[in-house]
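Notes follow the structure.
The values are calculated or read from the model by the stated rules, or taken from the named source; none is laboratory data. What you see is a predicted model; the values in this text were computed from it and never measured. All Cβ positions, glycine included, derive from the backbone under ideal geometry; neighbour counts span all protein chains shown. For accessibility, only protein heavy atoms count, side chains too; no ligands or nucleic acids. Shrake-Rupley method; radii C 1.70, N 1.55, O 1.52, S 1.80 Å.
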Amino acid sequence: MIEVLAKLGRGPVFLAGEVLECVITFTNPLSASSTSASSEMLAWASAQIHCQFHASENRVALPPSDGSKHDVQAENETVFVPNRGERGQCILSTPPKILFCDLRLDPGESKSYSYCETLPVDGPPSFRGQSVKYVYKLTIGCQRVNSPIKLLRVPFRVLVLHGLKDYQFPQDEAVAPSNPFLEEEEGLKKDSRLADLATELLMVATSRRSLHLYNISNTRGKVGTFCIFKTVYKIGEDVIGTFNFSEGDIPCLQFSVSLQTEESIQEEFQRRRGQPVSFTVHARHQESCLHTAQSSFSLPIPLSSTPGFTTNVVSLKWRLHFEFVTSGESAGTCLVRGSQSEAVTWTGVEQMAVDTFSWDLPIKVLPTNPILASYVSQFSSTNSITI
């Protein structure tokens, strides 16, 4: 029996273009019955990154794939197929790397190997939608002598930030303080600079603030105004907006604001022409606001959500969806006198005519620092199997 343990040192979330590093340890555990004849022999081990694409047959019409016949692999074959048994199509893969050949492990002995690979910048982000899914996995295949291949899959999340692909790093060394006592590989230097560049680009894009004012009106007149200071956010940030109903002519009884994503299939891949898009609500605020002069809301963008993106099959956009309930009567008729005694009480009317209308405000949502997103990731940094 051999235990295979794979550990992602920095966490299970990465930016496209970064270097994924995984330490893979093979151990022959020591037991009370172990003897010198209990040595184990592994013929080989290999690792490869691939992105698996799965689409709902009811919503997406995809052309047939020639590679679908490789999804199933016989147990006794010695060919390393990382996506064996996976649903959907493998749309992206890196070249396989051999970790070792002919490894012998004595009882209690273990050997560790480091796998490094740059994540492609031209791939889609990780996404689990209602119509399509993009799932990234590091698959480690290993085989004992005269035994079938065993696969250890390490799922991870990929965030895509547009603009990093075209950035060219300078050839000369950057003028910055450095520690001469620490040796750093050139690949790790570039990876670190890539993460710093992404953080800087995200900070510049999401820190710009300018006042955006919108008049809220229906067919009968003005209801109020809405104010928001920016329309570009990172996942993990809060979307904050304020309402001013004091200048409105039409009383607003209630409003709700939903933070939504709009998942639409490209026209050439739609199962039915003109099929509706899919909406997902990530946060919602609802409030009764009769006789309220000002109000506000704060909606958090979940760190686990996917920033907006577009591929040849699907497009994901973010928006704020507003719904307003306004009075069909004047503000003075919203209260009635409850009694004729000396102490006058006012109560709300039991029935009143209302009007409803909605409004959508597009916003842009970008990725965030992958280390921050790792804290809420559903994936584990450590995965293992026993062969």
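Before we move on, is Ile385 in a helix (DSSP H, G or I) and either at pLDDT 95 or above or within 43 Å of the chain's Cα centre (by Cα) (or both)? No.
Is it the case, given these coordinates, that Thr206 is more than 19 Å from Thr356 (Cβ to Cβ), of a type outside the set (A, V, I, L, M), in contact (Cβ under 8 Å) with a residue 12 or more places away in the chain and part of a strand (DSSP E or B)? Please lay out each step first, then the result.
On the way: more than 19 Å from Thr356 (Cβ to Cβ): yes; of a type outside the set (A, V, I, L, M): yes; in contact (Cβ under 8 Å) with a residue 12 or more places away in the chain: yes; part of a strand (DSSP E or B): no.
Answer is no for this residue.
Per this entry, Lys222 is not counted among residues that are part of a loop (DSSP other than H, G, I, E, B) and either open to solvent by less than 70 Å² (accessible area, probe 1.4 Å) or at pLDDT 95 or above (or both). Could you check region 141-162 and list, in sequence order, the residues that are of a type outside the set (Val, Ile, Thr), in a strand (DSSP E or B) and over 25 Å from the mean Cα position of the chain (by Cα)? Of everything in region 141-162, those that are of a type outside the set (Val, Ile, Thr), in a strand (DSSP E or B) and over 25 Å from the mean Cα position of the chain (by Cα) turn out to be Gly141, Cys142, Gln143, Arg144, Lys150, Leu151. So for region 278-289 (the condition being within 27 Å of Pro125 (Cα to Cα), in contact (Cβ under 8 Å) with a residue 40 or more places away in the chain and assigned to a loop (DSSP other than H, G, I, E, B)), does at least one residue qualify? There is no residue in region 278-289 that is within 27 Å of Pro125 (Cα to Cα), in contact (Cβ under 8 Å) with a residue 40 or more places away in the chain and assigned to a loop (DSSP other than H, G, I, E, B).
For every residue, the table says whether it meets (1) touching an Asp or Glu at 6+ places or on another chain (Cβ under 7 Å); (2) touching a residue at least 40 places away in the same chain (Cβ under 8 Å); (3) open to solvent by 40 Å² or more (accessible area, probe 1.4 Å).
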{"site": "Pro251", "(1), (2), (3)": "no, yes, no"}
{"site": "Arg272", "(1), (2), (3)": "no, no, yes"}
{"site": "Pro276", "(1), (2), (3)": "no, no, yes"}
{"site": "Ile301", "(1), (2), (3)": "yes, yes, no"}
{"site": "Ser305", "(1), (2), (3)": "no, yes, no"}
{"site": "Val314", "(1), (2), (3)": "yes, yes, no"}
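Here Pro82 meets the list (1) open to solvent by less than 70 Å² (accessible area, probe 1.4 Å); (2) touching an Asp or Glu at 6+ places or on another chain (Cβ under 8 Å); (3) not hydrophobic (A, V, I, L, M, F, W, C) almost entirely, failing just condition (2).
Would you confirm whether any residue within region 209-217 is outside any strand (DSSP E or B), surrounded by fewer than 18 Cβ atoms within 10 Å (Cβ to Cβ) and in contact (Cβ under 8 Å) with a residue 40 or more places away in the chain? Let's see the steps before the verdict.
Start the filter on region 209-217 by keeping residues that are outside any strand (DSSP E or B), which leaves 209-211.
Now restrict to residues that are surrounded by fewer than 18 Cβ atoms within 10 Å (Cβ to Cβ): 209-211.
In the following step, the residues that additionally are in contact (Cβ under 8 Å) with a residue 40 or more places away in the chain were identified as none.
Taking every residue of region 209-217 in turn, none turns out to be outside any strand (DSSP E or B), surrounded by fewer than 18 Cβ atoms within 10 Å (Cβ to Cβ) and in contact (Cβ under 8 Å) with a residue 40 or more places away in the chain.
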